[in-house]
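Worksheet: the structure to be examined is printed underneath.
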Amino acid sequence: MSTGGSTTVRIRPQRFHETAGLDDWRVVGEGACAYFRTDGSFAAGTRFVQAIGELPGLGDDHPDIDVRRDGVTVRLITLTDEYFGMTSRHIEVAQRISEAARALGLTADPSRIQTVQVTVDALDGPAGVAFWRALLGYEHRAGSPEDLVDPHRRGAPFYFQRMDTPRPQRNRLHVDVWVPYDQAEARIAAALAAGGRLLNDADAPHNRVLADPEGNEACVGVAGPPGPAAD
């Protein structure tokens, strides 16, 4: 398959996590992500970004990078008209980015990684999609008329979930929080200790539904932990 000018193979999260040399990285809802601590030095973060930019052969597989005073978040995801997801090229790119971080003395902190998605329950999905697409300036995710993504890859994606009948007394818009596979249990425990309730764990460990003290719902999602049970 060709995406962005490179010959690559589409891969699932389990393939990524089972590859050696990727301990810095976790797959969440929007691809493979890593967070590198800079210990409060913005200058160290900018040097790291420059080092990534100078890596040879990145081509169109360049990462999305967020630089803050305390650290740098790097995301790898392919977004084209035909595909939204991960490819085999991301494995090599992630390994090289980690090597650049080590050369600069930066360490990764996978516990700082997450992505957030807004999910809307809709009786008329296409109508809802059209409204939110116009309002947000988003685009359809490749291959899915039920998903909207920020073309600038900054805002949270929106997902429209079909609802057959109205559900009074239940919220119809909730947040999906994607966390690293090895952080999910601690995150859920913290939410429950803070007054939350577990509503549904039928799809655990990949998805669990929680509610806040007033019944507002949130889903905690995990993408492809290593092991035979992963998808």
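The values are calculated or read from the model by the stated rules, or taken from the named source; none is laboratory data. Computed from a predicted model, the values in this text were never measured in an experiment. Note that each Cβ is placed from the backbone with ideal geometry, even for glycine, and that neighbours are counted across all protein chains shown. Accessible surface areas use protein heavy atoms only, side chains included; no ligands, DNA or RNA. Shrake-Rupley method; radii C 1.70, N 1.55, O 1.52, S 1.80 Å.
Scanning the stretch 127-158 for residues that are part of a strand (DSSP E or B) and open to solvent by less than 60 Å² (accessible area, probe 1.4 Å), which turns out farthest from residue 79 (Cα to Cα)?
This residue is 158.
Scan the stretch 45-94 for residues that are among the polar types (S, T, N, Q) and under 23 Å from residue 159 (Cα atoms) and report the count.
Residues flagged as among the polar types (S, T, N, Q) and under 23 Å from residue 159 (Cα atoms) within the stretch 45-94 amount to 3.
Which condition number does residue 48 fail, the rest of (1) over 21 Å from the mean Cα position of the chain (by Cα); (2) modelled with pLDDT under 95 being met?
Every condition holds for residue 48 apart from (2).
Conditions (1) farther than 19 Å from residue 115 by Cα; (2) touching a strand residue (DSSP E or B) at 6+ places or on another chain (Cβ under 6 Å), marked per residue:
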{"site": "168", "(1), (2)": "yes, no"}
{"site": "172", "(1), (2)": "yes, yes"}
{"site": "177", "(1), (2)": "no, yes"}
{"site": "182", "(1), (2)": "no, no"}
{"site": "185", "(1), (2)": "no, no"}
{"site": "191", "(1), (2)": "no, yes"}
{"site": "194", "(1), (2)": "yes, no"}
{"site": "208", "(1), (2)": "no, yes"}
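Testing residue 99 on (1) surrounded by fewer than 19 Cβ atoms within 10 Å (Cβ to Cβ); (2) in contact with a Phe, Trp or Tyr (Cβ under 8 Å, 6 or more places away or on another chain); (3) in a helix (DSSP H, G or I), one condition comes back false. Which one is that?
Looking at each condition in turn, residue 99 falls short on (2).
If you take the residues in the stretch 144-185 that are more than 23 Å from residue 214 (Cα to Cα) and polar (S, T, N, Q), which one is farthest from the chain's Cα centre (by Cα)?
144
Would you point out the residue of the stretch 159-197, among those that are part of a loop (DSSP other than H, G, I, E, B), among the polar types (S, T, N, Q) and within 16 Å of residue 217 (Cβ to Cβ), that is most open to solvent (accessible area, probe 1.4 Å)?
So, considering only residues that are part of a loop (DSSP other than H, G, I, E, B), among the polar types (S, T, N, Q) and within 16 Å of residue 217 (Cβ to Cβ), the one most open to solvent (accessible area, probe 1.4 Å) is 169.
Looking for something touching a Gly at 6+ places or on another chain (Cβ under 9 Å), part of a loop (DSSP other than H, G, I, E, B) and within 26 Å of residue 64 (Cβ to Cβ) - is there at least one such residue anywhere in the stretch 199-217?
yes
What strands (runs of 3 or more DSSP E) lie completely within the stretch 1-96 and have 3 or more residues being open to solvent by 60 Å² or more (accessible area, probe 1.4 Å), in contact (Cβ under 8 Å) with a residue 24 or more places away in the chain and of a type in the set (Gly, Ala, Ser)?
none
Given the conditions (1) of a type outside the set (Gly, Ala, Ser); (2) open to solvent by 70 Å² or more (accessible area, probe 1.4 Å); (3) modelled with pLDDT under 90; (4) farther than 27 Å from residue 80 by Cβ, and given that residue 200 satisfies all but one, which numbered condition is not satisfied?
(3)
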